[in-house]
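Structure, as structure tokens:
None of the figures in this text is laboratory data; all of them are computed from the coordinates on show. Here the structure is a predicted model, which is why all the values come from computation and not from measurement. Every residue, glycine as well, gets a Cβ built from its backbone with ideal geometry; the counts of neighbours run over all protein chains shown.
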Amino acid sequence: MNVHTIIPVDGAMSAANFSDLPVRAQCPQCRKVVMSQVLDTVGLGTWLLALVLLLIPPLCFVPFFIKACKDKEHRCPNCGAIMGVKKLVG
């Protein structure tokens with residue numbers, strides 16, 4: 001399993017540091033160094049892809065079932081706080 005290590009600067013982490021993979025980082029809420037849990041969430045990019053696929057009606061639901069079409073939300077396994085988000089769009 002691939003793991004990225006993030007070293008926070010002044011308690012803030014750049015969104016560019018988060019990926020599809022779990023990262024080891026310090027939670028801004030509980031201050032513990034943890035391996036993040038990555039959750040797939042529906043975001044703007046998912047909705048935009050679905051909108052484009054409305055031209056082919058049976059395919060408009062596909063982005064909601066494909067992991068690569070969703071945002072990646074990194075959460076602390078200790079306290080559940082959001083540590084960062086990798087957005088598909090934005």
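So who's got an amide H within less than 5 Å of the one on Leu88, skipping anything under 5 residues away but keeping other chains? H placed 1.01 Å off N, in plane.
Those lying under 5 Å, H to H, from Leu88 are Gly45, Asp71, Lys72.
Whole-Hz Karplus ³J(HN,Hα) for region 71-84, in order, using 6.51 cos²θ - 1.76 cosθ + 1.60 and θ = phi - 60°, x for Gly and Pro?
Residue by residue, region 71-84 yields 6, 10, 9, 9, 10, 6, x, 7, 10, x, 5, 6, 8, x Hz.
First select every other residue whose beta carbon is under 11 angstrom from the beta carbon of Lys67; then total the charges, Lys and Arg +1, Asp and Glu -1.
Residues near Lys67 contribute -1 overall.
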